[in-house]
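Trainee: Mind having a look at this structure? Questions to follow.
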Amino acid sequence: MINPGLPDLLIEPVVRAALLEDLGRAGDVTADAVIPPKARFQAEFKARDHGVSAGIDCARLAMSLMDPQIRFETLLPDGSAVKPGDVIARIEGKARAILAAERTALNLLCHLSGVASLTARYVQTVDGLTTKIVCTRKTLPSLRALQKHAVRCGGGYNHRYGLDDAILIKDNHIAICGGVEKAMERAKANVGHTMKIEIEVDSIAQLKAALPYKPDVMLLDNFSLDMFAEAVKLAAGKTILEASGGVNLDTVRAIAETGVDVISVGALTHSAPNFDIGLDAV
């Protein structure tokens with residue numbers, strides 16, 4: 001799924017902070033010591049594994065922040081299927097600037113491509129079914145927008161971006177309110193007509209208690225396969241059913257086959273393996 005990427009205005013603060021962290025107090029002392037000031041360098045960002053690319057704009061920005069004159073040519077945009085040896089982008093410019101930005105560019109590109117690639121594996125595993133694979137708020141600090149972009153590149157969908165997107169009543173909310181009914185009553189009484197309400201339930205009894213309040217979404221937490229199937233029958237299409245908890249590549253297909261609408265997977269963002277990409281001299 002080719003993705004157009006994120007606006008530079010959104011990416012730049014993250015990339016700039018990462019560069020500043022790496023450059024420290026004195027900049028790239030190694031490159032400054034051994035590379036002549038006018039030396040130029042040509043290189044390629046090259047995939048070393050099978051997967052899906054994401055984060056190329058982060059790499060481009062890392063380079064351009066070090067030297068606005070660097071030539072950066074994207075060959076495989078975010079969302080492209082890649083295999084070992086594929087050239088994702090080519091760059092040419094001042095050697096010192098490229099080397100100073102190299103690790104920041106690769107850290108972001110490899111991590112986000114890892115998120116996209118893992119998401120694609122989940123999406124492929126439920127291929128042929130209508131269930132959507134979505135991410136969660138279990139993202140790395142300051143990287144949420146980038147990680148959620150990478151999930152879309154892999155063919156997944158985004159859950160809420162933050163606490164202000166939608167009402168999501170979870171187990172602790174229910175415990176403090178004194179039950180599903182009170183939590184739903186208060187949510188209904190205190191939100192505007194455009195705000196959706198989702199409630200987490202961990203039993204069939206809680207599901208039955210919530211259904212009369214017509215939540216927009218019900219999050220089925222750590223249900224068994226039989227419980228998922230029963231929930232689908234009880235809801236009868238009146239609310240969106242989201243499965244969560246205990247989801248991995250070995251279980252996701254069976255969960256989807258119960259008929260739930262959405263499966264949320266925290267691992268997409270908090271546990272994605274690094275995708276191997278190198279910056280190789282041409």
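The values are calculated or read from the model by the stated rules, or taken from the named source; none is laboratory data. The shown structure was predicted, so the numbers you read here are calculated from the model rather than taken from an experiment. Virtual Cβ from ideal backbone geometry, glycine too; neighbours counted across all protein chains shown. Each accessible area value is taken on the protein alone, full model and side chains, heavy atoms only, with ligands, DNA and RNA left out. Shrake-Rupley method; radii C 1.70, N 1.55, O 1.52, S 1.80 Å.
Trainee: Counting just the residues of segment 93-109 that are of a type outside the set (A, V, I, L, M) and assigned to a helix (DSSP H, G or I), which one comes out surrounded by the fewest Cβ atoms within 10 Å (Cβ to Cβ)?
Mentor: 103
Trainee: Which number in (1) open to solvent by less than 40 Å² (accessible area, probe 1.4 Å); (2) under 21 Å from residue 55 (Cβ atoms) marks the one condition that residue 187 misses?
Mentor: Going through (1) open to solvent by less than 40 Å² (accessible area, probe 1.4 Å); (2) under 21 Å from residue 55 (Cβ atoms) one by one, residue 187 breaks only (2).
Trainee: Going through segment 37-63 one residue at a time, which ones are in contact with a Leu (Cβ under 6 Å, 6 or more places away or on another chain), small (Gly, Ala, Ser) and in contact (Cβ under 8 Å) with a residue 60 or more places away in the chain?
Mentor: 43, 53, 54, 55
Trainee: Sticking with this one: Residues that are under 20 Å from residue 163 (Cβ atoms), at least 2 per element: which helices (runs of 4 or more DSSP H) completely within segment 173-238 meet that?
Mentor: In segment 173-238, 180-190 are the helices (runs of 4 or more DSSP H) which contain 2 or more residues that are under 20 Å from residue 163 (Cβ atoms).
Trainee: Have a look at 17, 33 and point out the one that is at pLDDT 95 or above and more than 30 Å from residue 117 (Cα to Cα).
Mentor: None of the others qualify; the one that does is 33.
Trainee: With respect to residue 149, is the statement that it is part of a helix (DSSP H, G or I), under 22 Å from residue 9 (Cβ atoms) and either polar (S, T, N, Q) or open to solvent by 10 Å² or more (accessible area, probe 1.4 Å) (or both) true?
Mentor: On the way: part of a helix (DSSP H, G or I): yes; under 22 Å from residue 9 (Cβ atoms): yes; either polar (S, T, N, Q) or open to solvent by 10 Å² or more (accessible area, probe 1.4 Å) (or both): no.
Considered against the rule, which asks whether it is part of a helix (DSSP H, G or I), under 22 Å from residue 9 (Cβ atoms) and either polar (S, T, N, Q) or open to solvent by 10 Å² or more (accessible area, probe 1.4 Å) (or both), residue 149 comes out as no.
Trainee: Another question, if that's okay. Every residue in segment 256-276 that is β-branched (Val, Ile, Thr) and either open to solvent by 10 Å² or more (accessible area, probe 1.4 Å) or without any contact (Cβ under 8 Å) to a residue 24 or more places away in the chain (or both), please. Break it down into steps so the answer makes sense when it comes.
Mentor: Let us first name the residues in segment 256-276 that are β-branched (Val, Ile, Thr), namely 258, 260, 262-263, 265, 269.
Those that are β-branched (Val, Ile, Thr) and either open to solvent by 10 Å² or more (accessible area, probe 1.4 Å) or without any contact (Cβ under 8 Å) to a residue 24 or more places away in the chain (or both): 258, 262.
Trainee: Still on this model: Restricting to segment 54-105, give me the number of residues that are within 21 Å of the chain's Cα centre (by Cα) and closer than 19 Å to residue 7 by Cα.
Mentor: Here the count works out to 16.
Trainee: Suppose we filter segment 38-92 for residues that are of a type in the set (Gly, Ala, Ser) and either modelled with pLDDT under 95 or part of a loop (DSSP other than H, G, I, E, B) (or both); how many remain?
Mentor: Matching residues across segment 38-92 total 7.
Trainee: Yes or no: residue 242 closer than 19 Å to residue 125 by Cβ, open to solvent by less than 60 Å² (accessible area, probe 1.4 Å), in a strand (DSSP E or B) and modelled with pLDDT of 95 or more?
Mentor: For residue 242, the condition - closer than 19 Å to residue 125 by Cβ, open to solvent by less than 60 Å² (accessible area, probe 1.4 Å), in a strand (DSSP E or B) and modelled with pLDDT of 95 or more - is met.
Trainee: Consider only pairs whose beta carbons are under 6 Å apart and that are at least six residues apart or on different chains; among these, list those whose first residue lies in segment 13-25 and is in contact (Cβ under 8 Å) with a residue 24 or more places away in the chain and whose second residue is part of a helix (DSSP H, G or I) and β-branched (Val, Ile, Thr).
Mentor: Note: pairs meeting the criteria are 18/104; 19/104; 22/104.
Trainee: I'm trying to understand the selection: among the residues of segment 121-143, which are open to solvent by 70 Å² or more (accessible area, probe 1.4 Å) and part of a helix (DSSP H, G or I)?
Mentor: 121, 124
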